[in-house]
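Q: Quick one: the structure is below, questions incoming.
The values are calculated or read from the model by the stated rules, or taken from the named source; none is laboratory data. These numbers come from a predicted model, not from an experiment. Every residue, glycine among them, receives a Cβ derived from its backbone with ideal geometry; neighbour counts consider all protein chains shown. We work out accessible area using only protein heavy atoms, side chains counted, and drop any ligands, DNA or RNA first. Shrake-Rupley method; radii C 1.70, N 1.55, O 1.52, S 1.80 Å.
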Amino acid sequence: MKKESAIQIDKLTVAYEAQPVLLNISLAFKKGKMTAIVGPNGAGKSTMIKAMLGLVEPVTGEVVYQDVDQEAVSYKELKNRIAYVPQNTSVDWDFPTTVRDVVLMGRYGHLGWFKRPKNKDREIARQMLLKVGLPSFASRQISQLSGGQRQRVFLARALAQEADVYIMDEPLAGVDMKTEHIIMKLLKQLVAEGKTVLVVHHDLQTVEEYFDDIVFINQEVIAAGPVDETFDKQTVKKTYHRDRNLGEGE
Amino acid sequence: MSMITEITLIAVVVAVACALPGVFLVLRGVTMVSDAITHTVLLGIVLAFFITQDLNSPLLMIGATLVGVATVWLIETIQRSALVSTDAAIGIVFPLFFSIAIILITLYAGDVHLDEDAVLMGDLAFAPFRRVDVFGLDMGPQSLWVMSVILVMNALFIFFFYKELKITTFDPAFAAALGFTPMIIHYALMTLVSLTAVGAYDSVGSILIVGFMVGPALSGYLLTHSLKKMISITVLIAVVNSVSGVQLAFFFDTTIAGMIAVVTGFTTLLVLVFSPRKGLYKQQLNQKRARKLLDKRIKTLT
Ligand SMILES: Nc1ncnc2c1ncn2[C@@H]1O[C@H](COP(=O)(O)OP(=O)(O)OP(=O)(O)O)[C@@H](O)[C@H]1O
Ligand SMILES: [Mg+2]
């Protein structure tokens, strides 16, 4: 079975306990595009991503990825080709490890069990740290970083994975203008290299500037398509003014 | 070998064997789970003893390790399903298993070596008296052999699974996403902790094993920002503690394991106060310095 899109979500329904959070989501993400995932708090954006990564079990539906030969495969078969930066990185910040070490962890997936990072991996980690503008922080313990710097370290770790698909859950939350530019420049570079980038995004002002495609989500897919065709006031209103418990309210 | 050399050797091997998995117990914040394990393995020993009627049977070790792992599993299952905190779950499982073991001992095994005192406060002083001999040839104390094997197993585990231990401890979600099953590493670690606890039972007793596991690792944690260095420092401190503990115990003619535990507690507190990186003293000093600097700045402003 061949698929045109990098990722295809088919009739996905996810529930926490008995409460459905996502209802019958069908979407396709195009290869080599940057797609914004937009919706109000609690819309189910993070949940959708987690379901795509097999971190939560869907009630029904499936997610299919396209591999290098354009064959349709499941997430499991593609693990190392997907990089994910979660909304809240829940790591132990006091862990005895340096910034350099954390970025190097991005290489672990390529190494597999037992094997140790080689010089090539260290070199890649070094370059990625350079890319996010933190080379002078390499030897720092990770607790000694600001929130924005932490974001960038985890971005560098994701870059070190050299994946085909990058899924970022609010990478721009709480970062300053300068960091936002650094991050967006890097993501654009990835797209230019033909990689697929999904970004959960809250700032509607910058959608047109940053993204190729957009997906509006509020429990269901409200709209999806190229930004210049899909992104308008009405759709935004429809997405954000929907009372989740009463269906279409306003 | 003289008796004191043998005892020192056993003490060092026990201390290092405990300290190695201790590094990851401290980093994972599960030291209290390991405390529970070191006690509940007793139930495994008792049950296996009833089956084999032989205190030297290797089945005792296997039974105890299994109960140790069952302890972890039960604690985690209760915690997940009942939505109680980990320490509440420990508070249910640990006393349950442990008291069943104690009751079984008092009811049925009153006259064997399996008495409560020996179990709670094993004694290094007697360790050299149980010896291994092969065809009449004295091969040294049994506990030295047992603990050396366990030490090597622990060291090999950390050596081969260093990367996996590191990533599943630091960022389990990421580890899982990459395909390193954190569950496997977790239970492997806990199995070794159980095995180590059982092995150390005879010489150290269940109360003190946790001290052996946690103390040196905590010192290592406070002294460095690198995991590799933390492991080396932990081992070094474990050696220093046990050697000086044995010396002091002979000097004061008192319990050896107890003395090592006291020394361990003492060095840990010392590090806690004086660690050049994160110590309490250093924090005070830094605050004072910062305040002085600020005062100066404020003065120049006004
Ligand atoms: N682990 C969980 N258990 C139960 N309910 C959950 C869980 N995680 C999320 N939810 C609920 O699912 C819904 C969707 O959550 P989700 O995190 O996907 O939202 P989101 O779109 O990412 O929101 P935000 O913009 O705030 O990040 C919310 O109503 C939330 O309360
Ligand atoms: Mg979210």
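Q: In debye, nearest 20: dipole of the range A:18-167 around its Cα centre with unit charges on the Cβ of K, R (+) and D, E (-)?
A: The calculated dipole for the range A:18-167 is roughly 600 debye.
Q: Is there a quick way to get the dipole size of chain A? I mean about its Cα centre, with the Cβ of Lys and Arg at +1 and of Asp and Glu at -1; what is the value in debye to the nearest 20?
A: Using Cβ point charges on Lys, Arg, Asp and Glu, chain A gives about 1120 debye.
Q: Considering chain A as a Gaussian network with a 10 Å cut-off on Cα pairs, which listed residue, A:L129, A:L204, A:L186, attains the greatest mean-square fluctuation?
A: Fluctuation is largest for A:L204.
Q: How high is the FRET efficiency from A:H241 to B:F252, r the C-beta distance, R0 51 Å, rounded to 0.05?
A: That pair, A:H241 with B:F252, gives E of 0.10.
Q: Do the sum for the protein assembly as shown: with -39,500 (n - 2.57) for every DSSP H run of n ≥ 4, divided by all residues, what is the mean residue ellipticity at 222 nm, to the nearest 500 deg cm²/dmol?
A: Computed ellipticity for the protein assembly as shown at 222 nm equals -19000 deg cm²/dmol.
Q: At 1.4 Å probe size, with every protein chain present, just tell me what the per residue accessible area of the protein assembly as shown comes to in Å². Provide the component values of the computation, followed by the final result.
A: Details: 26330 Å² over 552 residues.
The answer is 48 Å² per residue.
Q: I need the per residue convex hull volume for the range B:3-213, using only the alpha carbons, in cubic angstrom as a whole number.
A: Cα convex hull per residue, to the nearest whole number: 128 Å³.
Q: With label points built 7 Å along Cα→Cβ from the Cα atoms of B:T5 and A:Q234, find their separation and express it in nm.
A: A separation of 9.3 nm, rounded to one decimal place.
Q: Using 7 Å Cα-to-Cβ label points, what is the B:S244/A:K188 separation (nm, one decimal)?
A: Taking the simple label geometry, B:S244 and A:K188 are separated by 6.0 nm.
Q: Taking 35 Å as R0, compute the FRET efficiency from the Cβ-Cβ separation of A:E77 and B:L293 and round it to 0.05.
A: Values: r = 57 Å, r/R0 = 1.63.
That pair, A:E77 with B:L293, gives E of 0.05.
Q: Which of A:A36, B:A176, A:S74 sits closest to the plus end of the dipole of the protein assembly as shown, meaning its Cα is farthest towards the positive end, when Lys and Arg get +1 and Asp and Glu get -1 on the C-beta?
A: Of the options given, the answer is A:A36.
Q: Could you give me D for the protein assembly as shown, from Stokes-Einstein at 20 °C and 1.002 mPa s, where the hydrodynamic radius is the Kirkwood radius over C-alpha pairs? Units µm² s⁻¹, please.
A: 80 µm²/s
Q: Sticking with this structure for a sec: Would you calculate the volume per residue, in Å³, of the smallest convex hull containing every Cα atom of the range B:131-210?
A: Details: hull volume 8.1 nm³, N = 80.
Once divided by residue count, the hull of the range B:131-210 is 101 Å³.
Q: Separate question: Calculate the length of the line joining the C-alpha centroid of the range A:191-224 to that of the range B:30-82, in whole Å.
A: Their Cα centres are 52 Å away from one another.
Q: Would you list A:D101, A:D121, B:D54 from the most to the least accessible area, probe 1.4 Å?
A: Result, largest first: B:D54, A:D101, A:D121.
Q: Another question, if that's okay. Running a GNM on chain B with Cα contacts under 10 Å, which residue among B:A155, B:A197, B:A290 ends up with the highest mean-square fluctuation?
A: B:A290
Q: Quick one: dipole size for the protein assembly as shown, taken about the Cα centre, charges +1 on Lys/Arg Cβ and -1 on Asp/Glu Cβ, in debye to the nearest 20. Please report the intermediate quantities before stating the final value.
A: On the way: 51 positive and 50 negative charges, 539 e Å.
That gives the protein assembly as shown a dipole magnitude of about 2600 debye.
Q: Treating each Cα of the range B:170-279 as an identical point scatterer and ignoring solvent, apply the Debye formula and state log10 I(q)/I(0) at q = 0.20 Å⁻¹.
A: -1.09
Q: For the charge dipole of the protein assembly as shown, defined by +1 on Lys and Arg C-beta atoms and -1 on Asp and Glu C-beta atoms about the Cα centroid, which residue among A:Q8, B:L74, A:A173 has the Cα displaced farthest towards the positive pole?
A: Of the candidates, A:A173 comes out farthest on the positive side.
Q: Of A:L55, A:A18, A:Q149, which is farthest towards the positive pole of chain A's charge dipole, taken about the Cα centre with +1 and -1 on the beta-carbons of Lys, Arg and Asp, Glu respectively?
A: A:Q149
Q: Turning to a different aspect of this structure: What average number of partner chain Cβ atoms lie no more than 10 Å from the Cβ of the residues making up B:163-175?
A: That average works out to 6.
Q: Given points 7 Å out from each Cα along the Cα-Cβ axis, report the A:H202 to A:T60 separation in nanometres with one decimal.
A: So the two model labels end up 3.3 nm from each other.
Q: On to the next question. Give, in whole angstrom and from largest to smallest, the semi-axes √(5λ) of the equivalent ellipsoid of chain A, with λ running over the eigenvalues of the Cα gyration tensor. Kindly include the intermediate steps, with their values, before the conclusion.
A: Working: eigenvalues 187, 87, 62 Å².
Here the semi-axes work out to 31, 21, 18 Å.
Q: Oh, and also: What's the lysine pair count for the range A:65-224 at a Cα cut-off below 28 Å, pairs eight or more apart or interchain?
A: 27
Q: Compute the projected area of the convex hull of the Cα atoms of the range B:13-101, averaged over all viewing directions, and report it in nm² to one decimal place.
A: On the way: hull surface 24.9 nm².
Computing the convex hull of the Cα atoms and averaging its projections yields 6.2 nm².
Q: Here is a further query. Quick one: how many Å² of B:K228 are accessible to a 1.4 Å probe, rounded to 10?
A: 120 Å²
Q: Just to be sure I understand: if I project the alpha-carbon convex hull of the range A:1-116 onto a plane and average over all orientations, what area do I get in nm²?
A: Values: hull surface 38.8 nm².
Quarter of the Cα hull surface area: 9.7 nm².
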